[in-house]
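Chemist: Just dropping this structure here.
The values are calculated or read from the model by the stated rules, or taken from the named source; none is laboratory data. Please read all numbers here as calculations on a predicted model, not as lab measurements. Reconstructed Cβ throughout: ideal geometry from the backbone, glycine too, with neighbour counts over all protein chains shown.
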């Protein structure tokens with residue numbers, strides 16, 4: 001249990017998707033103009049990361065990893081399919097996004113109208129594939145750990161985009177040098193927020 | 001193909017190649033492909049390897065998608081494009097692991113993340129799906145080069161100030177260190193990559209005034 005909390009906190013603050021790895025920057029920069037839309041996208045990311053990372057964890061451990069196929073028959077013990085991981089992970093993500101979209105549309109129209117347009121965008125959000133690849137690289141031991149890692153990364157991304165959106169709403173009233181307006185200042189602010197987040201480095205529960 | 005009517009390197013085609021280097025640079029103007037651009041630019045060498053990989057993937061995938069453009073049903077085009085890109089990226093990944101193992105270790109997951117690099121999907125959607133193979137190829141190469149250019153600049157700056165080396169060779173002379181010069185460790189950390197790109201954008205827009213954004217953005 002302690003271990004899970006540790007992974008959760010670490011993936012939110014220390015290994016933050018945006019500030020430490022720059023994942024999902026494209027939509028982060030494009031959508032963060034107002035807090036309201038950022039909330040929608042942020043929630044969608046948390047949601048999709050929380051689903052795809054555990055699924056890809058199962059695929060990695062029961063299909064792709066070296067010796068993962070032994071549950072079918074011991075003679076597959078030295079089959080190593082991990083070179084297929086990119087293509088399988090992205091297929092899982094693209095189809096999960098589609099599936100999640102349909103399920104939400106059916107059961108919760110309000111949530112759907114909030115997330116609606118953002119869900120398809122998420123298939124190509126690097127933070128989603130990044131979450132799965134980091135899960136593979138760091139070799140988490142249990143399904144629970146992988147799930148918590150996925151959720152934590154999503155929450156970290158959520159926090160980052162809300163923060164930058166709030167700052168961008170305010171910065172509209174300040175006198176930014178013309179060439180720096182818009183994109184330039186957003187980059188520099190993100191850098192400064194990243195420096196602040198570095199203060200969390202080394203936290204261990 | 002278009003060669004019947006216009007020469008292979010007509011001015012229109014050259015424009016496809018040249019424009020992304022400055023006026024419509026994928027990173028600083030179109031805001032595509034930032035994700036992988038920043039994380040691997042601590043040193044010059046991985047930046048160059050990354051830039052070359054993206055040139056390869058973009059050039060080939062633009063041609064493939066452009067050849068298939070009449071065959072792909074529009075509803076499933078995203079998955080088809082992702083499959084094309086992912087297969088190429090697997091090639092790059094295996095190639096790097098075989099011939100440049102050290103660099104491939106440094107790049108770690110970021111080779112895989114070329115798949116979701118928005119610049120590739122973005123150009124496929126915006127250009128290759130509605131154009132012939134040869135212009136698509138030039139567009140892909142041009143955009144990847146514009147992306148690579150920024151990558152190399154950021155990698156150069158960060159390695160020079162962060163470790164005092166370029167391509168692993170010591171550039172800052174020894175006497176400077178004994179006189180009290182210290183490498184700026186902040187440049188190695190992620191936030192400085194963002195600030196560096198911010199400054200590049202600043203300089204570019206200062207020189208190229210038409211790129212300046214309106215106040216209400």
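Chemist: Starting from region A:188-201, keep only residues that are closer than 16 Å to residue B:35 by Cα and within 7 Å of chain B (Cβ to nearest Cβ), then list their pairs with residues that are assigned to a helix (DSSP H, G or I) and modelled with pLDDT of 85 or more whose Cβ atoms are within a distance under 6 Å, requiring at least 6 positions of separation or different chains.
Modeler: A:188/B:195; A:188/B:198; A:190/B:194; A:191/B:194; A:191/B:195
Chemist: Provide a single number: the residues in region A:8-26 that are in contact with a helix residue (DSSP H, G or I) (Cβ under 6 Å, 6 or more places away or on another chain) and in a helix (DSSP H, G or I).
Modeler: Kept after step one, since they are in contact with a helix residue (DSSP H, G or I) (Cβ under 6 Å, 6 or more places away or on another chain), are these residues of region A:8-26: A:8, A:11-14, A:16-26.
Going one step further and asking which of them are in a helix (DSSP H, G or I), we end up with A:8, A:11-14, A:25-26.
Here the count works out to 7.
Chemist: In addition: In region B:41-92, what count of residues is obtained for those that are over 19 Å from the mean Cα position of the chain (by Cα), within 18 Å of residue B:138 (Cα to Cα) and surrounded by fewer than 23 Cβ atoms within 10 Å (Cβ to Cβ)?
Modeler: Of the residues in region B:41-92, 4 are over 19 Å from the mean Cα position of the chain (by Cα), within 18 Å of residue B:138 (Cα to Cα) and surrounded by fewer than 23 Cβ atoms within 10 Å (Cβ to Cβ).
Chemist: Which one of A:103, A:5 is surrounded by fewer than 16 Cβ atoms within 10 Å (Cβ to Cβ), at pLDDT 85 or above and more than 14 Å from chain B (Cβ to nearest Cβ)?
Modeler: Of the residues listed, the single one that is surrounded by fewer than 16 Cβ atoms within 10 Å (Cβ to Cβ), at pLDDT 85 or above and more than 14 Å from chain B (Cβ to nearest Cβ) is A:5.
Chemist: Determine whether residue A:30 is within 12 Å of chain B (Cβ to nearest Cβ), surrounded by fewer than 18 Cβ atoms within 10 Å (Cβ to Cβ) and either in contact with a helix residue (DSSP H, G or I) (Cβ under 6 Å, 6 or more places away or on another chain) or modelled with pLDDT under 80 (or both). Steps first, please.
Modeler: Working: within 12 Å of chain B (Cβ to nearest Cβ): yes; surrounded by fewer than 18 Cβ atoms within 10 Å (Cβ to Cβ): yes; either in contact with a helix residue (DSSP H, G or I) (Cβ under 6 Å, 6 or more places away or on another chain) or modelled with pLDDT under 80 (or both): yes.
Yes.
Chemist: I've got another one for you. Return the only residue of B:88, B:113, B:107, B:67 being facing chain A (nearest Cβ under 9 Å) and out of contact with any strand residue (DSSP E or B) (no Cβ under 6 Å at 6 or more places or on another chain).
Modeler: B:113
Chemist: If you go through region A:56-73 one residue at a time, do you hit one that is under 15 Å from the mean Cα position of the chain (by Cα), part of a helix (DSSP H, G or I) and within 14 Å of chain B (Cβ to nearest Cβ)?
Modeler: The answer is yes, given that some residue of region A:56-73 is under 15 Å from the mean Cα position of the chain (by Cα), part of a helix (DSSP H, G or I) and within 14 Å of chain B (Cβ to nearest Cβ).
Here is a yes/no grid of residues against (1) within 14 Å of chain A (Cβ to nearest Cβ); (2) over 20 Å from residue B:127 (Cβ atoms); (3) in a helix (DSSP H, G or I); (4) at pLDDT 80 or above:
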{"site": "B:13", "(1), (2), (3), (4)": "no, no, yes, no"}
{"site": "B:25", "(1), (2), (3), (4)": "yes, no, no, yes"}
{"site": "B:29", "(1), (2), (3), (4)": "yes, no, no, no"}
{"site": "B:35", "(1), (2), (3), (4)": "yes, yes, yes, no"}
{"site": "B:38", "(1), (2), (3), (4)": "yes, yes, yes, no"}
{"site": "B:50", "(1), (2), (3), (4)": "yes, yes, yes, yes"}
{"site": "B:54", "(1), (2), (3), (4)": "yes, no, yes, yes"}
{"site": "B:58", "(1), (2), (3), (4)": "no, no, yes, yes"}
{"site": "B:63", "(1), (2), (3), (4)": "no, no, yes, yes"}
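Chemist: If you don't mind, there's one more thing I want to ask. Listed residues A:153, A:132; which is surrounded by 16 or more Cβ atoms within 10 Å (Cβ to Cβ), at the interface with another protein chain (Cβ under 10 Å from one of its Cβ atoms) and either in contact (Cβ under 8 Å) with a residue 12 or more places away in the chain or within 14 Å of the chain's Cα centre (by Cα) (or both)?
Modeler: A:132
Chemist: Specify the residue that is surrounded by the most Cβ atoms within 10 Å (Cβ to Cβ); the eligible residues are those in region B:182-209 that are in contact (Cβ under 8 Å) with a residue 12 or more places away in the chain and away from chain A (no Cβ under 11 Å).
Modeler: Across region B:182-209, the extreme among qualifying residues is B:187.
Chemist: Quick one: residue A:47 ticks every box in (1) within 14 Å of chain B (Cβ to nearest Cβ); (2) crowded, with 16+ Cβ neighbours inside 10 Å; (3) in a helix (DSSP H, G or I) except a single one, so which number is it?
Modeler: (1)
Chemist: Could you check region B:91-104 and list, in sequence order, the residues that are within 24 Å of residue B:27 (Cα to Cα), more than 8 Å from chain A (Cβ to nearest Cβ) and touching a residue at least 12 places away in the same chain (Cβ under 8 Å)?
Modeler: Residues satisfying the conditions are B:92, B:103.
Chemist: Hey, another quick one. Answer yes or no as to whether residue A:86 is under 25 Å from residue B:38 (Cβ atoms), away from every other protein chain (no Cβ under 14 Å), in contact with a helix residue (DSSP H, G or I) (Cβ under 8 Å, 6 or more places away or on another chain) and at pLDDT below 85.
Modeler: So residue A:86 fails the test.
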